[in-house]
Amino acid sequence: MTPLLALDRIVKIYGTPQSFVAALDDLSYGVAENSFVSLVGPSGCGKTTILRIVAGLTFPTSGLALLRGDPIRGPGADRGMVFQSYTSFPWLTVKANIEFGPAVRGAARSTRDVAARDLIELTGLSGFENAYPHTLSGGMKQRVALARTLANDPAILIMDEPFGSLDQQTRWTMQELLLTIWDRSQKTVLFVTHDIEEALFLSDVVLVLTARPGRIKREIPVHFPRPRCPELKATPEFVALKAAVIGLIREELSTPSPSQHVPHA
Amino acid sequence: MITADNRDAGAISSKRYVWLSAVPVLLVAGAWAVATYGGFVGPFFLPTPSAVIVSAIQLFRSHGYVNDIVASLARVLVAFGLCAATAVPLGLLMGRSPIITAVLSPFVVVMRYVPISAFIPLLILWAGIGTFQKVLFLWLGTFFYLLALVADATASVAPELIDTAATLGATRPQVLVRVIFPAALPAILDALRVMMGVGWTYLVLAEIVAAESGIGYMIMESQRFLKTPRVFVGILTVGAIGLGLDFLLRSTRDLLLPWART
């Protein structure tokens with residue numbers, strides 16, 4: 001079966017010919033439809049770059065990103081993105097934020113309205129329809145971002161540390177909310193996080209990336225049964241897997257790059 | 001008894017704020033009264049408060065001062081409207097497009113350094129001394145400043161908001177109209193408020209140099225005939241109108257943008 005999203009020998013180099021940084025080096029991967037794939041790895045390994053390439057916000061230096069076989073040529077409503085920073089439009093109410101995507105794409109007011117009401121219900125924003133984002137907590141803002149992205153019914157949901165700015169309790173609540181939504185909608189999700197526990201709890205597959213330039217170091221299938229509940233995180237199997245992934249990332253942190261450990265002359 | 005204390009460090013209560021604003025005003029007014037009624041300063045240099053009030057009543061009653069005020073107000077508002085209508089759209093484009101910035105920058109930078117009063121003789125030559133010349137002068141004096149401020153406001157819109165809109169399916173024109181413009185609007189309205197103040201300054205300047213009506217014209221005529229109280233009336237009128245317009249613009253901003261109330 002062809003994957004929904006194919007990353008084919010992606011290379012990404014930032015900077016100028018005089019001074020450049022290779023962010024991604026020959027990275028290939030296929031994301032199966034309806035799967036939940038997380039990317040973890042040391043800071044600066046190019047996780048966000050991968051997401052931005054899939055979103056069409058940046059382009060690979062070489063290689064191809066394909067959605068359903070078609071090369072990605074720019075941003076589009078078929079790939080929804082949730083960012084770590086709060087991106088609710090402050091001049092729009094919660095409901096108008098959620099309707100933004102359908103509105104710019106010309107959906108009828110009544111269609112938009114029905115869809116927005118369903119999403120408000122689904123994401124637990126009932127009662128906040130007419131609130132402005134600045135009155136909401138961080139967790140609520142990310143609910144808005146999630147609902148707004150889902151309103152476009154994208155083929156793939158791209159999430160860049162969406163819960164990274166939230167406190168631990170809110171983060172747990174949001175993880176469960178995301179799983180509930182994912183179970184129901186069976187969307188394909190590409191998720192970046194620094195939190196290994198979060199990645200394992202949510203995903204079907206966790207991809208561990210190498211230090212820069214990023215390549216896939218290890219593909220770790222996560223077979224815990226679904227629906228998953230928070231107690232899973234305390235089971236020996238989960239803890240062992242988490243330790244293994246942390247070990248893989250630590251290897252990347254301690255790998256000396258050629259420029260290091262040069263003795264002083 | 002327990003009372004609420006919502007003060008943050010460095011903040012002051014609104015009651016205290018009013019006091020701190022009122023006291024210096026009263027002190028200046030008091031010093032004025034002492035200096036004039038006490039006979040320390042000659043009436044040609046500094047008239048008494050009562051002379052200014054009497055003069056104001058005369059001006060309104062028998063010299064058609066209302067017409068001067070209306071003439072000045074109309075000039076400022078028309079020029080302000082034209083300036084906003086031209087500088088805001090162009091500033092939005094400039095803030096997003098390096099090409100447009102490159103094209104306009106030389107003019108913007110030069111015009112911000114050339115004293116606008118240097119254009120008065122030229123504009124009188126081109127457009128006479130009527131309302132058209134005043135509006136042209138005010139537009140010229142405010143357009144480039146506003147353009148730069150709007151471009152700055154536009155350029156500092158958070159890139160995440162623009163990226164988000166793009167991933168939600170918005171086209172480039174839609175991003176400009178539906179995201180960049182509203183996101184920059186609070187800063188744009190603040191810039192407009194500043195420009196309104198600058199506009200009044202330039203207007204009085206232009207009317208003092210050459211005009212046949214307006215507050216500045218009245219001030220100049222009064223000075224010529226040593227009617228110093230009227231000069232004061234003129235200055236106070238401009239100040240009062242400025243205060244009123246500032247309040248109006250600030251209220252409009254709060255009403256229009258409840259999410260960006262400061």
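The values are calculated or read from the model by the stated rules, or taken from the named source; none is laboratory data. Note that the structure is a prediction, hence the values are computed from the model and not measured. Ideal geometry is used to build each Cβ from the backbone, glycine not excepted, and the neighbour counts take in all protein chains shown. The accessibility values were calculated without ligands, DNA or RNA, using every heavy atom of the protein model including side chains. Shrake-Rupley method; radii C 1.70, N 1.55, O 1.52, S 1.80 Å.
Longer than 21 Å from Cα to Cα, which of A:LYS47/A:LYS141; A:LYS141/A:LYS233; A:LYS47/A:LYS217; A:LYS187/A:LYS242; A:LYS47/A:LYS242; A:LYS12/A:LYS47 are they? Say none if no pair is.
Values: A:LYS47/A:LYS141 23 Å; A:LYS141/A:LYS233 26 Å; A:LYS47/A:LYS217 13 Å; A:LYS187/A:LYS242 25 Å; A:LYS47/A:LYS242 19 Å; A:LYS12/A:LYS47 11 Å.
The answer is A:LYS47/A:LYS141; A:LYS141/A:LYS233; A:LYS187/A:LYS242.
Check which residues have an amide H placed less than 5 Å from A:VAL189's amide H, if you skip close sequence neighbours.
A:SER35, A:PHE36, A:VAL37, A:LEU157
For the range B:187-262, just say rounded, prolate or oblate: build the C-alpha gyration tensor, square-root its eigenvalues into a ≥ b ≥ c, call rounded for a/c under 1.5, and beyond that prolate if a/b exceeds b/c, oblate if not.
On the way: a/c = 4.57, a/b = 2.64, b/c = 1.73.
Note, shape of the range B:187-262 comes out prolate.
Which one of B:ILE208, B:PRO229, B:LEU243 is farthest out on the positive end of the charge dipole of the range B:200-262, using unit charges on Cβ (Lys, Arg +1; Asp, Glu -1) and the Cα centre as origin?
Checking the options against the dipole of the range B:200-262, the answer is B:LEU243.
Between A:VAL11 and B:ILE235, what FRET efficiency follows from the Cβ-Cβ distance if R0 is 51 Å, with the result rounded to 0.05?
On the way: r = 69 Å, r/R0 = 1.35.
Once rounded, the FRET efficiency stands at 0.15.
Going by amide H atoms built from the backbone, whose H comes under 5 Å of the H on A:LEU24, apart from near neighbours?
For A:LEU24, the qualifying residues are A:LYS12, A:GLY214.
With every protein chain left in place, what is the accessible area of A:ILE216 in Å² (1.4 Å probe, nearest 10)?
Counting only protein heavy atoms, A:ILE216 exposes about 50 Å² to solvent.
Skip the ligands, DNA and RNA, and give the accessible area per residue of the range B:74-201 with a 1.4 Å probe, whole Å². Each step should come with its number before you reach the end.
On the way: 5750 Å² over 128 residues.
Dividing the accessible area of the range B:74-201 by its residue count gives 45 Å².
Leaving out ligands, DNA and RNA, what percent of the accessible area of the range B:143-230 is carbon and sulfur, probe 1.4 Å?
63
With every protein chain left in place, what is the accessible area per residue of the range A:1-99 in square angstrom, probe 1.4 Å? Write down the numbers at each step before the final one.
On the way: 4070 Å² over 99 residues.
Accessible area per residue: 41 Å².
Under a Cβ-only charge scheme (Lys and Arg +1, Asp and Glu -1), can you give me the dipole magnitude of chain A about the Cα centre, in debye to the nearest 20?
On the way: 27 positive and 26 negative charges, 90 e Å.
For chain A, the charge dipole is close to 440 debye.
In chain B, once you exclude exposed trypsin sites (Lys or Arg not before Pro) (DSSP loop, at most 11 other Cβ within 10 angstrom), what's the longest stretch remaining? Write down the numbers at each step before the final one.
Working: sites that count: B:ARG7, B:ARG261.
Here the longest segment lacking exposed loop sites spans B:8-260.
Taking square-rooted eigenvalues a ≥ b ≥ c of the alpha carbon gyration tensor, is the range A:42-100 rounded, prolate or oblate, where a/c under 1.5 means rounded and, failing that, a/b exceeding b/c means prolate?
Working: a/c = 3.34, a/b = 1.59, b/c = 2.10.
Oblate, since a/c reaches 1.5 and b/c is not below a/b.
Can you tell me, using C-alpha contacts under 8 Å and at least 6 residues apart, the relative contact order of chain B as a whole percent?
24
Given +1 on the Cβ of Lys and Arg, -1 on the Cβ of Asp and Glu, and no further charges, what dipole in debye does the range B:133-204 carry about its Cα centre, rounded to the nearest 20? Mind showing how you got there, number by number?
Numbers: 4 positive and 4 negative charges, 57 e Å.
Taking the Cα centre of the range B:133-204 as origin, the dipole is about 280 debye.
Using alpha carbons only, how many angstrom separate the centre of the range A:148-225 from the centre of the range B:219-258?
The distance from the Cα centre of the range A:148-225 to that of the range B:219-258 comes to 60 Å.
Of A:THR135, A:ALA107, A:THR123, whose Cα points farthest to the positive end of the dipole of the range A:37-137 (charges on the beta-carbon: +1 Lys, Arg; -1 Asp, Glu; origin at the Cα centre)?
Of the candidates, A:ALA107 comes out farthest on the positive side.
Full-extension gain between B:VAL34 and B:ILE100, please, as 0.36 nm times their residue separation minus the C-alpha to C-alpha distance. Can you show the working numbers first?
On the way: separation 66, 0.36 × 66 = 23.76 nm, distance 5.76 nm.
Residue separation times 0.36 nm, minus the Cα-Cα distance, leaves 18.0 nm.
What aspartates and glutamates does B:LYS134 reach when the alpha-carbon gap must be under 19 Å and sequence neighbours fewer than 8 apart in one chain are set aside?
B:ASP68, B:GLU207, B:GLU212, B:GLU221
With a cap of 11 neighbouring Cβ atoms within 10 Å, and only residues DSSP puts in a loop, list the chymotrypsin sites (Phe, Trp or Tyr not before Pro) found in the range B:27-129. Mind dumping the intermediate values first?
Working: sites: B:TRP32, B:TYR37, B:PHE40, B:PHE44, B:PHE45, B:PHE60, B:TYR65, B:PHE80, B:PHE107, B:TYR113, B:PHE119, B:TRP126; in loops: B:PHE40, B:PHE44, B:PHE45.
In loop regions of the range B:27-129 (DSSP not H, G, I, E or B), the sparsely surrounded chymotrypsin sites (Phe, Trp or Tyr not before Pro) are B:PHE40, B:PHE44, B:PHE45.
Over the range A:136-202, average the accessible area per residue using a 1.4 Å probe and give it in Å², no decimals.
Numbers: 1930 Å² over 67 residues.
Per-residue accessible area for the range A:136-202 comes out at 29 Å².
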